[in-house]
């Protein structure tokens, strides 16, 4: 199980130092939640922050774009150093173009789906992405209660295995040592957690998630 930390709940006055500590604690990748105040009711960071943090770690950086018209800003996030670009299926009607653009830079691409979005909506893109991000909260804020999406995860896992695809299932939202067991049993490959890791001993929390 790969474990990533969402920096949505991080201390931005000491972000570089916090990234170093998390890296030492054994996290596999960093996730930045990019919010525009339109697609979700919150505002967060932009490409400049990603670029600064790119110099602080050699680990992969995932940029979770919770923004409208992500195609308008894709180049900036690629240039900033994002290794994985996650785009919400609900945010654009140009998903194929976005996937091709990310792939042309040799980066990985992930499609995120909200809790209300059915599995069938993402099936047509399975053979062209690296990951599917199943949201287990409504996107926008850290610390929300977990929504059990086990059936959706199982359906995706079944289709991925049936077609023998190399696609990982990533989970983000309300992930802790207990909910990690639920999604792992359903077939998750990657976990993203904010509050659970950042508000506890980093190393212990990461190990708890990895070994759920």
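Sorted from fewest to most neighbouring beta carbons within 10 Å, what does the list 198, 59, 191 look like?
59, 198, 191
I'd like the FRET efficiency for residue 162 and residue 52, computed as 1/(1 + (r/R0)^6) with the beta carbon distance as r and R0 of 41 Å, rounded to 0.05. Before the final figure, lay out the partial values.
Details: r = 42 Å, r/R0 = 1.04.
Taking R0 as 41 Å, the efficiency between residue 162 and residue 52 is 0.45.
Return the single residue from 193, 158, 150 with maximal mean-square fluctuation; model: Gaussian network over the chain, springs between Cα atoms under 10 Å.
Comparing 193, 158, 150 in a Gaussian network model of the chain, the most mobile one is 158.
Quote the FRET efficiency, to the nearest 0.05, computed for residue 72 versus residue 125 with a Förster distance R0 of 25 Å and r equal to the Cβ-Cβ distance.
Numbers: r = 20 Å, r/R0 = 0.80.
E between residue 72 and residue 125, to the nearest 0.05, is 0.80.
For residue 104 paired with residue 38, estimate the spin-label separation in nm (one decimal), with each label point 7 Å from Cα along the Cα-to-Cβ line.
Each label point lies 7 Å from its Cα, and together they span 2.3 nm.
Just to be sure I understand the model, the point goes 7 Å from the Cα along the line to the Cβ. What's the resulting residue 141 to residue 21 distance in nm?
2.5 nm
Can you sort 54, 163 from fewest to most other Cβ atoms within 10 Å of each residue's own Cβ?
Fewest to most other Cβ atoms nearby, the residues stand as 163, 54.
Each value in this text was obtained by applying a stated rule to the coordinates, not by laboratory testing. All of these numbers come straight from a predicted model, not from anything done at the bench. Note that each Cβ is placed from the backbone with ideal geometry, even for glycine, and that neighbours are counted across all protein chains shown.
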